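Structure first, commentary second.
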Amino acid sequence: MTSNEPVDTTGAYDAVVLAGGGARRLGGADKPGVRVGGRALLDRVLGACADARTTVVVAAPRPTARPVRWAREDPPGGGPVAALAAGLGRATADDVLVLSADLPFLAADTVRRLLAALHADGAEGALLTDADGRDQPLVAAYRTAALRRELTALSATGSGGGLTGLPLRRLTAGLDLTRVPDPVASFDCDTWDDIATARARIREHGHVLDEWISAVKDELGIDLEVDIGVLLDLARDAAHGVARPAAPLTTFLVGYAAAQAQGGPEAVAEAARKAAALALRWAEEAEAEKAERAEKAEKAEKDTPTGPGAPGPDAG
């Protein structure tokens with residue numbers, strides 16, 4: 001499956017986010033808490049799977065922008081397989097999304113595509129591949145029962161350490177997988193250079209507005225999808241038809257009106273429609289008045305005598 005178009009899926013899923021790694025290539029920094037675009041990496045990932053029935057973060061508890069459940073492998077730092085097993089113990093849905101906490105460009109549409117691929121192909125797992133075609137098992141959707149089956153098999157055949165220290169490829173090797181190429185959403189931040197790359201990319205012209213809106217919504221605790229184009233058109237109409245400061249004030253009042261009405265995206269769209277219509281009427285009146293003044297000035301000029309016989313300014 002190679003389409004980048006969002007695909008709707010039905011049915012609940014759980015999410016397990018692994019956020020307890022040592023971040024050795026970041027000098028031991030708190031990687032899930034590193035900010036990209038003003039938001040912690042972990043919060044960015046949690047935003048992408050916001051519609052999960054249950055989200056389990058495997059790490060020591062910390063403040064997050066969205067409510068989650070917490071789990072921890074025993075002993076802590078036991079590696080991704082042990083962490084996944086700990087998180088999976090709290091999952092109850094038939095499908096589970098498994099993510100690392102360092103994916104700055106993961107988005108909700110990527111989650112939907114993974115779940116759609118999982119169901120469309122009848123596979124046991126659907127994972128992203130990166131720009132080099134490598135599997136990314138920590139950006140994937142799996143059948144929960146299949147993961148539990150493989151974890152049980154690994155536990156039975158493992159050494160005295162159980163699942164501790166086992167690589168993920170040992171787990172995924174026994175699964176029937178389908179792959180979804182996505183070099184952007186699969187980008188993870190292992191080094192400070194990766195962090196710098198991510199920070200630079202979100203400020204590019206084609207991304208900065210969407211990134212800013214997402215950051216503001218997270219900061220304000222707003223979970224509302226609105227048509228940004230409608231609001232931008234409204235701001236343009238208010239700025240050109242009334243006055244430049246009218247743009248931010250009008251968009252604020254539209255949001256306030258929608259909130260007062262306790263409405264969702266439809267209430268925002270309706271308030272924006274009314275305000276835009278008012279701005280256009282305002283502009284039309286201004287244009288009509290301008291045209292009327294021009295017409296009067298032209299008439300006055302025609303009525304004023306000119307030429308050699310015309311009286312001078314002191315005549316009469």
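The values are calculated or read from the model by the stated rules, or taken from the named source; none is laboratory data. Keep in mind it's a predicted model, so treat the numbers as computed, not measured. Note that each Cβ is placed from the backbone with ideal geometry, even for glycine, and that neighbours are counted across all protein chains shown. All accessible areas refer to the heavy atoms of the entire protein, side chains included, with ligands and DNA or RNA removed. Shrake-Rupley method; radii C 1.70, N 1.55, O 1.52, S 1.80 Å.
Sort segment 204-282 into rounded, prolate or oblate with this rule: let a ≥ b ≥ c be the square roots of the eigenvalues of the Cα gyration tensor; rounded if a/c is under 1.5, and if a/c is not under 1.5, prolate when a/b is larger than b/c, oblate otherwise.
oblate
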### Query
Which one of A131, A215, A59 has the biggest mean-square fluctuation once the chain is modelled by GNM with Cα springs under 10 Å?
A131
## Note on the structure
Of the candidate values (1) 39, 23, 19; (2) 42, 19, 19; (3) 59, 19, 18, the one computed for semi-axes √(5λ) of the Cα gyration tensor in Å from this structure is (3)
### Message
What is the sum of charges, Lys and Arg at +1 and Asp and Glu at -1, for the other residues whose Cβ falls under 13 Å from the Cβ of E204?
### Response
+1
### Task
Give the cross-link partners of K302 among the lysines, using a straight C-alpha distance below 29 Å as the criterion and excluding same-chain residues fewer than 8 apart.
K290
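Where does the charge balance sit around C189 when Lys and Arg score +1, Asp and Glu -1, over other residues with C-beta under 12 Å from its C-beta? Kindly include the intermediate steps, with their values, before the conclusion.
Working: positive: R25, K31, R35, R44, R199, R201; negative: D102, D188, D190, D193, D194.
Here the count lands on +1.
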### Query
L278 versus T129, label points 7 Å from Cα toward the beta carbon: distance in nm?
5.5
### Message
Can you tell me the length gained on complete extension of the stretch E292 to A173, counting 0.36 nm per residue apart and subtracting the Cα distance?
### Response
35.0 nm
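For segment 93-238, what is the relative contact order in percent, using Cα pairs closer than 8 Å and at least 6 residues apart in sequence?
Details: 161 pairs, mean separation 40.6, N = 146.
Over segment 93-238, the number comes to 28 percent.
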#### Entry: Relative contact order, percent, the chain [alpha-carbon distance under 8 Å, six or more residues apart]
16
### GNM result for the chain, Cα springs below 10 Å: residue of T152, T164, T250 fluctuating most strongly
T250
### Query
A12 to K217: FRET efficiency via 1/(1 + (r/R0)^6), r the Cβ-Cβ distance, R0 22 Å, to the nearest 0.05?
0.40
### Message
Using a Gaussian network model on the chain with a 10 Å cutoff between Cα atoms, which of R169, R90, R112 fluctuates the most?
### Response
R169
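Using a 1.4 Å probe, what is the accessible area per residue for the chain, in Å²?
Numbers: 17540 Å² over 316 residues.
Spelled out: the 1.4 Å probe surface of the chain, per residue, equals 56 Å².
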## Note on the structure
Simple SL model, points at 7 angstrom along Cα→Cβ for D193 and L249; separation in nm is 5.1
### Query
What number comes out for the charge environment of A40, summing +1 per Lys or Arg and -1 per Asp or Glu over other residues with Cβ under 11 Å away?
+1
### Reachable lysines, given that their alpha-carbon falls under 29 Å from the alpha-carbon of K217 and they are not under 8 places away in the same chain
K31, K274
### Query
Once both labels are modelled 7 Å past Cα along the beta-carbon direction, what's the S155-A50 spacing in nm?
3.5
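Whenever you get a sec, compute what percent of the accessible area on the chain sits on carbon and sulfur atoms (1.4 Å probe). Walk me through the numbers on the way to the answer.
Details: 9380 of 17540 Å².
Percent of accessible area from carbon and sulfur atoms in the chain: 54.
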